[in-house]
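Engineer: My structure is below; once you've seen it, I'll send some questions.
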Amino acid sequence: MRAVAPVTGPKVLRIGLVQGGKVIEERVIKQRTHVTIGPSEKSMFVIPSKSIPPSFRLFELVGGEYFLNFLDGMTGRVAFKAGVSELSALKSSAKRAPASNGNAYQVQLSEEARGKIVVGETTFLFQFVAPPPVQPKPQLPVSVKTGIANDIDWTTTIIAAFSFLFHFGAVGSIYSDWMDPVVDDEVDVAALLESVKQLPPPPVVEQPKENAEAPAASAAPTAEAPKAAGGGNKGAAAGPAKGSGGMSDARASALTNELAQLDMQMLGALNSSGNATASVLSSGDVPTGLLENAAASGSGVGKGGVAGLNMGGAGGGTVRPGAAGGGGLASIGNTGASGPATAGSAQTVKGPVGNAQVGGAAVSGGSVSNAPSIVAGMTAGFRRCYNKGLQEDPSMKGSVRITAKIGPNGEVISATPSGGSGLSGTVVSCVVARVQSAQFAPPEGGGATVVIPVTFVSQ
């Protein structure tokens, strides 16, 4: 424990506050300064008294010495070194000074003085005492002062830190590109182009004589195949043609027959505006040679004037689908009105159309400025509701009354239907929903009721 050094210097005031015979406060004025009293909160001692100013200097420090100030309404006595004197007796020797509540008297006090001053119902006891010793600044014990820094092994910490930095830097250098060589794209591209220029030309590949003669040999059977098909010589397809690239004459004839069958099937798609084959795209005419080839390949049926096909006309030339007349294949593609009706022609049957008649809106309970226009604007919505109902019941008709309660902001609080004879529940619910979605002007008086009669009639 440190010894507290004695304090030397002038004495300080010790003041006690007594009310109702009890000491309610005692204070030592460690700093020699003015001591103020009064009802103001800024006073050092706040007392509820109207006979003194808000902040009156009871003890005033002038030139390092204390002076006692008192007013006419104050009583008490002061003990000096020479004796005890009442405040009334000190008025004759005291220094007077003007005050707001009468005359103020000022008496110098020595360090041996003590006494009491009565202000209304409050009594101040004072005396001069030696200043209290200055308390030393509290300090923590040495055991508490040692923090976490004293418990750290700094040698190990420094080694671990340098190890972490070394390893982190090594890993970072591996994944960084600052050690990679500088790449000059222009130099590399120029070197690549130069190396391509210096490449030797590719060697010339000489084709074998057998391969050179193969296209010429395969071209002859190909040219002869159409002649055999066009001339109707069935024996030409019996023997295989050598040098045709691996395809025999029998295979070529089979493919030709399949193509002829496809052409016969596509004749049904021909019309006066064009055909699906290459030879009749412009004029719509079917060459008779095509039909002759089809007959020669065994795809044709029946007998007629052209290669055994019943075309209904003389052989040779061209035939326009639908224009030859007669029976058999001559009627393929016929688009005349004499034929039967084709699929896809349908007549649209129009269902009944409903109409909604909205009567005048009756407003009660308040005035709504735009009620007629808002109700008139609902007609289209009512008509849509009715038309949906006619899709279920075409003979439905009737009328309904909707009672709508309007809120203070113009919104529809509730919509109640009444009547509704002859109408389905779906139509009535739809009409009620349309009324509930309306927005009126704010009614005068805070609320209103609008009755909307609607009549539905089918046309």
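Engineer: Mind listing just one residue for me: the one in segment 19-69 that is under 23 Å from VAL129 (Cβ atoms), free of Cβ contacts under 8 Å to residues at least 24 places away in the same chain and basic (Lys, Arg) and, of those, surrounded by the fewest Cβ atoms within 10 Å (Cβ to Cβ)?
Structural biologist: Step by step, filter segment 19-69, then rank; the result is LYS22.
Engineer: Are any residues in segment 1-18 open to solvent by 80 Å² or more (accessible area, probe 1.4 Å) and either in contact with a helix residue (DSSP H, G or I) (Cβ under 8 Å, 6 or more places away or on another chain) or at pLDDT below 90 (or both), and if so, which ones?
Structural biologist: Matches in segment 1-18: MET1, ARG2, ALA3, PRO6, THR8.
Engineer: Identify the residue in segment 363-372 that is assigned to a loop (DSSP other than H, G, I, E, B) and of a type outside the set (Val, Ile, Thr) and, among all such residues, is most open to solvent (accessible area, probe 1.4 Å).
Structural biologist: In this case the residue turns out to be SER369.
Engineer: Would segment 436-458 turn up any residue that is out of contact with any Lys or Arg (no Cβ under 9 Å at 6 or more places or on another chain) and within 20 Å of ASN355 (Cβ to Cβ)?
Structural biologist: No, segment 436-458 contains no residue that is out of contact with any Lys or Arg (no Cβ under 9 Å at 6 or more places or on another chain) and within 20 Å of ASN355 (Cβ to Cβ).
Engineer: For segment 433-459, give me each residue that is surrounded by fewer than 18 Cβ atoms within 10 Å (Cβ to Cβ) and among the hydrophobic types (A, V, I, L, M, F, W, C).
Structural biologist: ALA433, ALA441, VAL451, VAL457
Engineer: Return yes when GLY419 is in contact with a Lys or Arg (Cβ under 6 Å, 6 or more places away or on another chain) and open to solvent by 30 Å² or more (accessible area, probe 1.4 Å) and no when it is not. Walk me through it before giving the result.
Structural biologist: Numbers: in contact with a Lys or Arg (Cβ under 6 Å, 6 or more places away or on another chain): yes; open to solvent by 30 Å² or more (accessible area, probe 1.4 Å): yes.
Criteria met by GLY419.
Engineer: For segment 373-387, indicate whether the set of residues that are under 15 Å from SER437 (Cβ atoms), open to solvent by 10 Å² or more (accessible area, probe 1.4 Å), modelled with pLDDT of 90 or more and touching a Gly at 6+ places or on another chain (Cβ under 8 Å) is non-empty.
Structural biologist: So far as segment 373-387 goes, no, none of its residues is under 15 Å from SER437 (Cβ atoms), open to solvent by 10 Å² or more (accessible area, probe 1.4 Å), modelled with pLDDT of 90 or more and touching a Gly at 6+ places or on another chain (Cβ under 8 Å).
The values are calculated or read from the model by the stated rules, or taken from the named source; none is laboratory data. The structure presented is a predicted model; accordingly, all values stated were derived computationally and were not measured. Glycine gets a Cβ as well: all are built from the backbone with ideal geometry, and neighbour counts include every protein chain shown. All accessible areas refer to the heavy atoms of the entire protein, side chains included, with ligands and DNA or RNA removed. Shrake-Rupley method; radii C 1.70, N 1.55, O 1.52, S 1.80 Å.
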